[in-house]
1. Within the set A:K4/B:K315; A:K330/A:K375; A:K89/B:K386; B:K386/B:K436; B:K283/B:K315, which residue pairs have Cα atoms separated by over 32 Å?
2. Among the aspartates and glutamates, which fall within straight-line cross-link reach of A:K292, defined as a Cα-Cα distance under 17 Å, with same-chain neighbours fewer than 8 residues apart omitted?
3. Which listed residue (B:S329, B:W344, B:N312) has the Cα farthest towards the positive end of the charge dipole for segment B:247-397, taking +1 on Lys and Arg C-beta and -1 on Asp and Glu C-beta about the Cα centre?
4. Under 1.5 on a/c is rounded, so check that first for segment A:143-210, then, if it is not, pick prolate when a/b is larger than b/c and oblate when it is not; a ≥ b ≥ c are the square roots of the alpha carbon gyration tensor eigenvalues.
5. Which distances in nm, rounded to one decimal and ordered from shortest, link the label point of A:K436 to the equivalent label points in the other identical copies, with labels set 7 Å from Cα toward Cβ?
6. One decimal, nm, shortest first: give the distances between the label point of A:E304 and those of the same position in the other copies, each label point 7 Å from Cα along Cα→Cβ.
7. Given axes a ≥ b ≥ c from the Cα gyration tensor, I'd like to know whether segment A:326-467 is rounded (a/c under 1.5), prolate (a/b larger than b/c) or oblate.
8. With Cβ to Cβ distances under 13 Å as the rule, what net charge do the other residues near A:V21 carry (K, R +1; D, E -1)?
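Bear in mind that the values in this text are calculations on the coordinates, not laboratory data. Please read these numbers as outputs of a predicted model, since none were measured by experiment. Counting neighbours? That spans all protein chains shown, and the Cβs are built from the backbone with ideal geometry, glycine included.
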Protein chains: 2
Amino acid sequence: MITKTVAELLSQDVTLQDVTVKGWVRTFRANRFIALNDGSTLNNIQCVVDFENFEESELKRVTTGAAIQVNGDLVESQGKGQSIEIQVKELAILGDSDPETYPIQPKKHSFEFLRENAHLRTRTNTFSAVMRLRSSLSFAIHKYFTENGFYNMHTPIVTGSDAEGAGEMFRVSTLDPKNPPLNDKGDVNYSEDFFGKETNLTVSGQLEAETYAMSLGKVYTFGPTFRAENSNTSRHLAEFWMIEPEVAFMDLTGNMDLAEDFLKSVLNYVLEHNKEDLTFLEKRLLDEEKTKPQAERSEMSLIEKMRFVVDNNFKRVSYTEAIDILRNSKPNKKKKFKYIINEWGADLQSEHERFLVEKHFKCPVILFDYPANIKAFYMRLNEDGKTVRAMDILFPGIGEMVGGSQREERLDVLVEKMKALDISEEELWWYLDLRKYGTAVHSGFGLGFERLVMFATGMNNIRDVIPYPRTPQNAEF
Amino acid sequence: MITKTVAELLSQDVTLQDVTVKGWVRTFRANRFIALNDGSTLNNIQCVVDFENFEESELKRVTTGAAIQVNGDLVESQGKGQSIEIQVKELAILGDSDPETYPIQPKKHSFEFLRENAHLRTRTNTFSAVMRLRSSLSFAIHKYFTENGFYNMHTPIVTGSDAEGAGEMFRVSTLDPKNPPLNDKGDVNYSEDFFGKETNLTVSGQLEAETYAMSLGKVYTFGPTFRAENSNTSRHLAEFWMIEPEVAFMDLTGNMDLAEDFLKSVLNYVLEHNKEDLTFLEKRLLDEEKTKPQAERSEMSLIEKMRFVVDNNFKRVSYTEAIDILRNSKPNKKKKFKYIINEWGADLQSEHERFLVEKHFKCPVILFDYPANIKAFYMRLNEDGKTVRAMDILFPGIGEMVGGSQREERLDVLVEKMKALDISEEELWWYLDLRKYGTAVHSGFGLGFERLVMFATGMNNIRDVIPYPRTPQNAEF
């Protein structure tokens, strides 16, 4: 007797005697056909019971969600819909599931309802497919960087600096929350706190990643980052995972090459390794889109969108060119854009990004050389004195997928910029050291992992691509 | 002209014309020999300059830590210590490094000093080797689990529950730290906090991982965890990374098999892929040990210790047997142990664990079936009513490397245990749901990643195996 997973059994091309499989009942039909799933694949294995050979009381316990163990012979299926099935000889109920109270019924549940039952939602096809894809993308990322000579680096989660200014931060403390110690000035005395100073959850590992790039050459982070912003939208999480590569001696062109190759590579990986899950999610998305008015439907299916990225060269366009294109575009002239583009310097909105990708260039777009004043302090100033070597990569449907830049490697220019923005040189002494000792051109980018998972699964709400979403007023589970 | 990394050049077995390489100067000897490193490997490439062909002012800027670009021909070396070298034709200083102030001089620095300069310490051989190994171990872990059908799962960092009781927690909040809002009872009103309740940094992703194991079958986490304990030792961090696999339908024996296979596999991976770094670190450790009294030196070298784990079967011993062995052992009878083992129920200390591994069994040891009252609430109670299906894996030198258990899958037993320990059923409703709907035997374990990195690098202080350690009074960088 050998124990196998459903995935192993379904990939078997021979029949087998006496196999054992354990899993959870998805459905039990006609007192005869058990659809059994164990998470190893989207697909269920059909287990056929001859009800005359089993106790009725036992069969009654074969309910949706019950854990069972089945022993039998793997045979060619006589029915439609599957090529093989198990003729059950022995059946054991491992864990019951009361059909009266089990939340995950064999019917369509709303995503809102499943979010409230996030501990059980991977028992549905949709969420098991999403989370398998998430896992697969995660591995593809580690694999890509490892094969390309990058070192994975764990940047700190608790940070004493708030320098990047990427957003509001969460305070981390062990002080008495009600009666914190105060100093002479009457302020909270953080020198008595655990770390001896005020600490927050990180918004980015980039600055620390730069320190390692400037010694190990090529590094990347893949870790959680945080924003304490009260954004209750389908695109924001308070806690999300970010990938941030950083490379010494690489300029912005190299950065674009890297990002393009990286994105194509990881999407190709899941196109190759997750066909079943992708096909299922593609169909799910098509069904969902059918409920929408024609105008709101996507022109491309899920896999078409992924192929659109993988098969096209990303078009590289300067911000200045892009502004010209947008200013002269039909939707701008006819005032169809919500935000009309009037002049150079405007920050682009999602509607503009999508226009460039989906209507104008019809391929993924890399915008570069943005106005300095809408970008972060560490981006390298161009010779024109008004733009920085920043890039954003724009994808169909989703808009910005990657944001990156060549970093300002010149100590004097960096210090001047920090002064202008009132960023503490004292706090970032170590970051400035990189420009004092062996400075060099270097670049990197950031990718919000959940954005990528949304793109590769077709899920529309970011809460549905992370196991336990953290959003304003919600830290359940 | 082609640009190559040092690793690429050194693995070249042919000579090459006109190669370019960029990196940082480690040393510049006799105004002629530059040892150049770019992080791609432990080794430097020797760049030979004919000083008559270069400006003296330029050569003066070739100082330790400076970033330079070299162009020349890759030729067989006439000197000792390297088989190939670059005959430099062009040299460009990319970033100076003032030898008067640069902290990383070409000499031995104390680890304490390097911790204060953690942003520069990977510019030393020791720390670049440690961090490359850390990265390699990280990838080996992802690779092992992926190849064995596990899904990577990102469990939440901010958590509303404090149920595991694994240690003191850090509070996460956006409330006014000085004047927090109070409720009617005069307590801090967390309903006004960002997440609408009191939240902390996670101590473990296990409970959430169980939810996914009970639908996807085999999952693992690899993420940061936190302990707000005021432990200023060489073995504790406030922020560290943990790996936690969790598998449905797997009992404690399966758990031991998995952990043993996993540990051997990831150590084998670095033995194969990181030979240079390991050889360097082994020598470093030997040098360090020479400064110690004979009695304190390790009997095995770094690689011998790793082979000791990889090549031996792990001895599986019940806690009860182990207590008998320890009680009757020489160091116990002669009162050489700091903590004398008198009776069943005692918690084992590092000295006992190391005795079992290094002196008694002379192989890695898995202890199992621990007394229930020294282990966590979720561990499965044995039929004897007093032990639980827990296991600890003990390694030479370091003691406990892995802690795991079969989980209590029986709702009634689990609820009784939670009641006894005053753990809120209301808060863990979702965890109990797993036992209500399709419960089954399942198991998992936790591995502190830094422990593993210490073991595989021979570093003695946990602060030296993570980029930016977080400890009491320290959240620098």
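1. Beyond 32 Å between Cα atoms: A:K89/B:K386.
2. A:E282
3. B:S329
4. Values: a/c = 3.58, a/b = 2.98, b/c = 1.20.
The shape class here is prolate.
5. 6.1
6. 6.7
7. On the way: a/c = 2.51, a/b = 1.53, b/c = 1.64.
Taking the square roots of the gyration eigenvalues as a ≥ b ≥ c, segment A:326-467 is oblate.
8. Details: positive: A:K4, A:K22, A:K89; negative: A:E8, A:D18, A:D38, A:D73, A:E85, A:E90.
In short, -3.
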